[in-house]
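J.: Pasting in a structure now, in structure tokens, and then I'll have a few things to ask.
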Amino acid sequence: MASSSADRRTTGAGLMIHTRLAAAGLAVLLAACAAPKSRGPLLLHPVPPAAGDYALTQGAIVFSGPDFTVSARPWDPRLIARELIGTGEPSPFGEGEEGAERFLFVRLRLDNRSPRTLVFNPLRAALLREGEAPIVPLENSDLLAFADEGIAAAEARSRVFRRMSFDGAATVRSGEALERYLVFPAPEKSAKELTLALDEIWWGSTSYDLRFGFEAYPPE
């Protein structure tokens, strides 16, 4: 859904909303980090979209705009852990598969084939649950704030997080594509249906509020 810049909420109001969402997300993050042992990952599966601008393609929900696309693909956290083990990098999500299983990963790809710039801000993203507080993405600052280790080790994990994940506004210029993860703390209990909300994706002077539907399957 597109809307002109004149119709958008003020920056101050948007920051107040995100502050409230961040506080709720932080509570979920603390609960996830306090969990003594993983019971296996909470897995997301895409729901076939009904809107005409969306399509389900090879496990990803794809929104097609005028000369740009945004795709969201749920990712198994165990694959994240194995990737980091393979590269030998320190994991920002905790040790091994059990550490990564405390989070939900969505691989987001933005392809810009237009002459305009495409801008995405992860601060305007959230996982929505009916009757429950939204879950906001993990930020690099969250990792540093709760790092129980020396500053050098924390900075090493921080670099890995920035390489893999969205952390701050990203600009995709004409002819370029950008693909990274959105990382959310996995709630202890979750509704069956979750909606990934991506608000205010700017294509030139026009903004889009996108919605991607998922079903959550609890650990076995």
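The values are calculated or read from the model by the stated rules, or taken from the named source; none is laboratory data. All of these numbers come straight from a predicted model, not from anything done at the bench. Every residue, glycine as well, gets a Cβ built from its backbone with ideal geometry; the counts of neighbours run over all protein chains shown.
J.: If residue 104 passes every condition in (1) farther than 22 Å from residue 215 by Cα; (2) in contact with a Pro (Cβ under 9 Å, 6 or more places away or on another chain); (3) crowded, with 20+ Cβ neighbours inside 10 Å but one, which one does it miss?
T.: (1)
J.: Please verify whether residue 76 is farther than 23 Å from residue 176 by Cα and touching a strand residue (DSSP E or B) at 6+ places or on another chain (Cβ under 7 Å), treating the condition exactly as stated.
T.: Details: farther than 23 Å from residue 176 by Cα: yes; touching a strand residue (DSSP E or B) at 6+ places or on another chain (Cβ under 7 Å): yes.
So residue 76 passes the test.
J.: Checking residue 49 against (1) modelled with pLDDT under 50; (2) in a loop (DSSP other than H, G, I, E, B), which single condition isn't satisfied?
T.: The single condition residue 49 does not satisfy is (1).
J.: Also, I was wondering about something else. How about the range 81-137: which of its residues are aliphatic (A, V, I, L, M) and in a strand (DSSP E or B)?
T.: Hits for the range 81-137 are 104, 106, 108, 110, 118, 119, 125, 126, 127, 128, 133, 135.
J.: Scan the range 107-129 for residues that are in contact with a Lys or Arg (Cβ under 8 Å, 6 or more places away or on another chain) and either surrounded by fewer than 21 Cβ atoms within 10 Å (Cβ to Cβ) or over 18 Å from residue 211 (Cβ atoms) (or both) and report the count.
T.: So the count comes out to 4.
J.: Let me ask something else. Do you know which of the residues in the range 113-160 that are modelled with pLDDT of 85 or more and of a type in the set (Asp, Glu) is nearest to the chain's Cα centre (by Cα)?
T.: The residue in question is 139.
J.: Considering only residues that are at pLDDT 90 or above and of a type in the set (S, T, N, Q), look in the range 173-220 and name the one that is surrounded by the most Cβ atoms within 10 Å (Cβ to Cβ).
T.: Going through the qualifying residues, I end up with 207.
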